[in-house]
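First comes the structure, then the notes that go with it.
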Amino acid sequence: MKLKKPKFWNNINFLSVCLLPFSLVTIVFNFVKSKVITEQRFNIPIICVGNIFIGGTGKTPLSIYIYNLLKKKKFKPAIIKKYYPSHVDEINLTKSKVKHFFSDQRRMLSISKAVTKNNDVIIMDDGLQDVSIIKDLNIICFNSSDLIGNGFLLPAGPLRDRLKKVSDCQIAVINGKRNIAFEKKLKSTSSSIEIFQSKYELKNLKKFRGKKVLAFAGIGNPKNFFRLLKDNGLKISEEISFPDHYNYKKNEIENLILQAKKKGLKLITTEKDYFRIKQLGFKKINYVSINLRIINYKGFEKELMRNL
């Protein structure tokens, strides 16, 4: 979904309350879907890495992390992602990181393809709301800077599903700073859920250190990207945000390059943005790559294997 999240999603105010009746549509839709769609089970384990907060919770980096972890355990995992034309950036990014990846308009088709290629574990990047597939393990992702926003469902708030969806999950992964109060809230919703913290580590920063930069991003949470750069010692002179999965136009990138040059700044963006931009012919745009690190990685690994 291409959108710039409205500020009122962060708190309860007049506008969010006025939109609450429309959130009933989301609730009814989710309920009807769960009652009328037939579930299908596959003969190999299905791990779903999903969310209830719309965009920017770190599903793709965590899916890649799990893929690499399972490979070390001698599994032959595959990542699947439902195909949306607007998500080609994430598709191309994942393809560049993993060998076994499938993306079709129907997740069932991707799973069937993976099975024919002898993959023995499926990692679904997104799909927590897809009730047509029975999962063996549900992992729900949150970002500490957003958590659940104002707690309302779309369009009054940023949630695709109610917080009680946590009760369908075995693991929660919260990216960023620890929030004890929120962890207690998750535990009060599902006492059995195991909670883990994760953080992003930037890889290719050397050429940017000590230089002033113009940073831009069209992702779920651009502010988190800018904050991550600052936390790693980069001097950001200017920040420019675009909607998630934004389709950049050639003249917009040319203007950004010119703007940075005039101000004597290094132009920098995310790796996901880079995969969109290079399709326009810009292959020398600077970007930073991230690694996901699970703080209690041994506990996470143990819980992951226990549920397979």
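Nothing in this text is a laboratory measurement; each read-out follows from the coordinates by a stated rule. Small disclaimer: the values here were computed from a predicted structure and weren't measured. Cβ: placed from backbone, ideal geometry, glycine included. Neighbour counts: every protein chain shown.
Give me the percent relative contact order of region 159-308, please, defined on Cα pairs under 8 angstrom at least 6 residues apart.
On the way: 203 pairs, mean separation 38.6, N = 150.
Answer for region 159-308 is 26 percent.
For the chain, compute Rh as the Kirkwood radius over C-alpha pairs and then the Stokes-Einstein diffusion coefficient at 20 °C and 1.002 mPa s; write the answer in µm²/s, rounded to an integer. Spell out each step's value before the answer.
Details: Rh = 20.5 Å.
In µm²/s, the coefficient rounds to 105.
What do you get for chymotrypsin sites (Phe, Trp or Tyr not before Pro) in region 113-190 restricted to DSSP loop and a cutoff of at most 13 other Cβ within 10 Å of the site's Cβ?
Sparse-neighbourhood loop chymotrypsin sites (Phe, Trp or Tyr not before Pro): none present.
Give me the percent relative contact order of the chain, please, defined on Cα pairs under 8 angstrom at least 6 residues apart. Can you show the working numbers first?
Working: 562 pairs, mean separation 65.3, N = 308.
Relative contact order, the chain: 21 percent.
I want to check the label-to-label distance for Gln259 and Ile134. Put each point 7 Å from Cα in the C-beta direction and report it in nm to one decimal.
Modelled inter-label distance: 5.2 nm.
On full extension of the chain, what length is gained from Lys250 through Lys187, given 0.36 nm per residue of separation minus the C-alpha to C-alpha distance?
Details: separation 63, 0.36 × 63 = 22.68 nm, distance 4.75 nm.
Difference between extended and current length: 17.9 nm.
Collect residues whose amide H, placed 1.01 Å from N in the peptide plane, falls under 5 Å from the amide H of Ile171; neighbours closer than 5 in sequence don't count.
Amide H neighbours of Ile171: Asn138, Ile140, Glu194.
Placing unit charges on C-beta atoms (Lys and Arg positive, Asp and Glu negative, everything else neutral), compute the dipole magnitude of region 1-85 about its Cα centre in debye, rounded to 20. Numbers along the way, then the final one.
On the way: 15 positive and 1 negative charges, 103 e Å.
Rounded to the nearest 20 debye, it is 500 debye.
Using the Kyte-Doolittle scale, find the helices of the chain whose mean hydropathy is at least 0.5 and whose Cα atoms extend 24 Å or more along the helix's long axis, counting only whole DSSP H runs.
Result, helices passing both filters: 20-36.
Expressed as a fraction of 2.2 N^0.38 Å, the rule-of-thumb size for a compact globular protein of N residues, what is the C-alpha radius of gyration of region 189-236? Please list the in-between numbers first.
Details: Rg = 15.1 Å, N = 48, 2.2 N^0.38 = 9.6 Å.
Normalised Rg, Cα atoms only: 1.58.
Along the charge dipole of region 96-232, Cβ charges K/R +1 and D/E -1, which of Phe152, Ser198, Ser132 sits furthest on the positive end?
Of the options given, the answer is Ser198.
Per DSSP H run of at least 4 residues, take -39500 (n - 2.57); add these up for the chain, divide by its residues and hand me the 222 nm value, nearest 500 deg cm²/dmol.
Values: 10 runs with 107 residues, N = 308.
My calculation for the chain gives -10500 deg cm²/dmol from helical runs alone.
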